[in-house]
Amino acid sequence: MPDETSLPHYPEIRMWSMRIFGFVILIFGAVLGIGGVKLASLGGSLYYLLVGITLILSGALTIAGRVAGLYVYFVAFLATLVWSLFEAGLDGWALVPRLVGPFILLVIALLVMPARLLNGKPTRRAYGAGLTVILALGLLIAVPLAKAPVSTLPFPVVPNGTVYFDQATLPAAADWPTYGGGPGAQRYSDLSQITPENVSHLKQAWVFRTGDIPKNFGVEMTPLKIGDVLYGCTSRHKIFALDAATGKQKWMFDPMTPAEFAPPNSACRGVAYYKQANATPGEACAERIIAGTLDAKLIAVDAATGQPCKGFGTNGVADLNEGMGEVPPGMVSVTSAPTIVHGVVVTGQQIIDGQRRWAPSGVMRGYDAATGVLRFAWDMGQPDITKLPPPGKTYTLGTANMWSTAVADESLGLIYLPMANPSGDYYSSTRSPAERKYGSSVTALDVETGKPRWVYQLVKNDVWDYDTPSQPSLVDFPTPNGSVPALVQTTKVGDIFILDRRTGQPLTKVEEVAAPQGGVEPAERAPTQLRSLYHTTQQPDITESQMWGISPIDQMLCRIQFRSAHYQGIFTPPSVDKPWIEYPGNNGGSDWGSLSVDVRRGVIVLNYNEYPSYSTLVPRAVDDKLGVFYMGDPRYKGPGPGDNRPQADLPFGISANQGWLMPTGVLCKQPPYGGIRAIALATGKTLWDHPFGTAQRNGPWGIPSMLPFEIGVPSNGGPVTTASGLIFVAATTDDFIRAIDVKTGKTIWSDQLPAGGQATPMVYEAGGKQFVVIMAGGHHSMLTPAGDYLVAYALPDRT
């Protein structure tokens, strides 16, 4: 056998390989060196400058054919390894951008190294040593990535007979009669046919396709189940009824909403059911489905036939545009299920964020569930208006709205509203005293009068879009003086508040913390903000070392952006001179999917997000030149660059990089970006917590990585718990639905959905069989595949 060096032109090939490698190293070194100078000037890590200089030297020597250049690279790699372990420890995801790219170059360096280096002998030992380094580094990164979640506290033992609900909020068993599962919106089912022991046998029982596939929004729908029928809505707010056992369509009602009324980021989350107390058997519309539409109508249809209820409003329609003034198409829509209490249908409306300060009103209204007649209106800016405004007038423009879902206490006659912040989300100087009082709060209305009974504000004078997104859940909360009727409210900053639902007073400790000052409106910033001491999913403030990427280069760029921005923690004031970091961002904490309360075990389960936004206020004149679209203004012809929102009528627009994405599509903060957690209701202590979701369907430039590791991805949608001790949840960007053991947090079953599962599952019984149903419709802002699939799972029939 001839020696490899005796092959024709082998030395020349090896030399050119070295020179090409040297040129690559030189380019990387130059980029890191230049960026390192910038980062160092901002007070950041010196590593990138030093390693950049080292790589420039390595590249120059290697191009010159000097083996010393490769040795210099080996030294740079070893230094990088030591620095990475010092800065990131054994966090596998944190090590990825620090070591994977340099490691690939290390492998190439070993391949291009000349075959004879020492005393003319082949360097097989060197290659063997290199292989050992490769395996060790792979284990160093892979083992931390694959580690399983660990329980942090013993699972609570609930005394016999103890339950965390009363008859007024008794969870549904065979049925799922409201969006939140029962009157208390606990998202809990008392069914137990599917257990941790047999859930692995769960199979698709049926799939219903709605025929509506969303284009620029999502389908966040959770159906209802009453009797033997499922009721739901499509992305275009058609209402449908299905046989609960087979998924066969019974009827579908199309409200014929014009296409121009489908705004970006719109959705249909659900519908409501109402049964008239004194109706005669077989009477039309004795049982009815009531839902909102994309063009802000409230419609009622017969639950048996899908035909409009002629006696409701005008031919089955109550027009929510009345009293709103000019409403451009798509600006106002009803995305969440109405709430019915004391025979009154209470609804808010979604007002498209960031368009203009004097957007249509956030007025709350209640309509008679039988006649569709307006029973009350609560306009926080004009409290004397109790129904329609006087002729020629409108409800107060720009007030805080409720776009999410309310919950009601039938016995108290109160409805609890999770309120958003006023229009012009990121600027507050024009706000009224009422907007400052009710924005980003939980507000309880008396359903008989429409007047506020109490308000508890969660974020003071909110300029971060930290609006209250999730539906409250009703529980009986244990205190030293006995159980107290309470509500559990999550927030986008991750805090969980326990409030006495009779008075709005907190039942657990709350503290006032000093808030950062400054920004574009220094006189407007509240000196303190409220934080719940009961529980929070909020992580410590992010640091430069938590910047991420797919390589040292984009990680360095994220570090430069971090050092170039204002960041003083969770309430960093908005700024115009340079960007500011909002962490968690306005999709942080728990969003509209809300939490689940296992009312038999006394356990709260919630999935949550923890990724930042990177935003800048844009001066009015500059923003206007961008030509950023907002609805109803003919001067603007189309969407502007990036995530700009004009905030017309205010001195500044807003450019919000939600998620803080690099051009590669990778987030700047290192994983995890979301988790799932179990919390003891009585104490607020974490029982277990772990990253939620894999990166199988995510990756740079939109290319799926197919990595099965639990990286912790963004999620939208909530969990459901059951009497048998299971959690069913989808929500993640990897398009899986999962069954999780509530005691351990371990995933014990999963199935990949045909589209994104950005919705909350529901559980019911039909024909003696327990079903789990999830809407797989996708979501454009979560970058998941769009679809129109309603998927039902059940255990196979016994043979």
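The values are calculated or read from the model by the stated rules, or taken from the named source; none is laboratory data. What you are looking at is a predicted structure, and each value in this text was computed from that prediction instead of being measured. Here the Cβ is made from the backbone with ideal geometry for all residues, glycine too, and neighbour counts use every protein chain on show. Only protein heavy atoms, including side chains, enter the accessible area calculation; ligands, DNA and RNA are left aside. Shrake-Rupley method; radii C 1.70, N 1.55, O 1.52, S 1.80 Å.
Laid out as a table, the results:
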read-out	value
Where A76 falls short, out of the listed (1) at pLDDT 90 or above; (2) farther than 20 Å from F103 by Cα	(2)
Residue in the range 187-195 that is within 16 Å of I289 (Cα to Cα), assigned to a loop (DSSP other than H, G, I, E, B), of a type outside the set (G, A, S) and more than 23 Å from the chain's Cα centre (by Cα) present	no
Scope the range 212-242; condition of a type in the set (G, A, S), part of a loop (DSSP other than H, G, I, E, B) and over 22 Å from G718 (Cα atoms); matching residues	G227
Any hit, the range 766-775, residues being outside any strand (DSSP E or B), out of contact with any helix residue (DSSP H, G or I) (no Cβ under 6 Å at 6 or more places or on another chain), touching a residue at least 40 places away in the same chain (Cβ under 8 Å) and crowded, with 24+ Cβ neighbours inside 10 Å	no
Every residue from the range 197-211 that is farther than 27 Å from S470 by Cβ, assigned to a loop (DSSP other than H, G, I, E, B), at pLDDT 95 or above and open to solvent by less than 70 Å² (accessible area, probe 1.4 Å)	N198, L202
Which listed residue, of A408, A444, A434, is among the small types (G, A, S), assigned to a strand (DSSP E or B) and open to solvent by 10 Å² or more (accessible area, probe 1.4 Å)	A408
Residues within the range 411-429 that are within 12 Å of G398 (Cβ to Cβ) and either surrounded by fewer than 24 Cβ atoms within 10 Å (Cβ to Cβ) or not charged (D, E, K, R) (or both), tallied	7
Of the criteria (1) open to solvent by 50 Å² or more (accessible area, probe 1.4 Å); (2) among the aromatic types (F, W, Y); (3) under 28 Å from K685 (Cα atoms), which one W749 fails	(1)
Selection count where residues are acidic (D, E) and open to solvent by 10 Å² or more (accessible area, probe 1.4 Å), scope the range 576-603	2
Strands (runs of 3 or more DSSP E) enclosed by the range 308-364 - at least 1 residues per element that are surrounded by 24 or more Cβ atoms within 10 Å (Cβ to Cβ) and of a type in the set (V, I, T)	339-341, 344-347
Boolean, T305 is over 24 Å from N401 (Cβ atoms) and modelled with pLDDT of 95 or more	yes
Options L667, L661, L606; residue that is farther than 22 Å from Q568 by Cα and either open to solvent by less than 10 Å² (accessible area, probe 1.4 Å) or at pLDDT below 95 (or both)	L606
Filter result (open to solvent by 30 Å² or more (accessible area, probe 1.4 Å), in contact (Cβ under 8 Å) with a residue 24 or more places away in the chain and within 26 Å of P651 (Cα to Cα)) within the range 365-392	G381
Search result, residues across the range 785-799 that are at pLDDT below 90 and either of a type in the set (K, R) or not in a loop (DSSP other than H, G, I, E, B) (or both)	R798
Close pairs from the range 723-747: first closer than 22 Å to A172 by Cα and basic (K, R), partner in a strand (DSSP E or B) and open to solvent by less than 10 Å² (accessible area, probe 1.4 Å), Cβ under 6 Å, at least 6 apart	R738/V729
Test: G725 is open to solvent by less than 20 Å² (accessible area, probe 1.4 Å) and at pLDDT 95 or above	yes
Odd one out for G181, checked against (1) open to solvent by 10 Å² or more (accessible area, probe 1.4 Å); (2) at positive phi	(1)
Single unsatisfied condition, A40 versus (1) at pLDDT 90 or above; (2) among the hydrophobic types (A, V, I, L, M, F, W, C); (3) open to solvent by 40 Å² or more (accessible area, probe 1.4 Å)	(3)
Whichever residue in the range 535-568 is out of contact with any Lys or Arg (no Cβ under 7 Å at 6 or more places or on another chain) and among the aromatic types (F, W, Y) and, among such residues, is least open to solvent (accessible area, probe 1.4 Å)	F562
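Let's see how each residue does on (1) open to solvent by 40 Å² or more (accessible area, probe 1.4 Å); (2) within 30 Å of H690 (Cα to Cα):
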residue: R66; (1), (2): yes, no
residue: L78; (1), (2): yes, no
residue: L81; (1), (2): yes, yes
residue: P102; (1), (2): no, yes
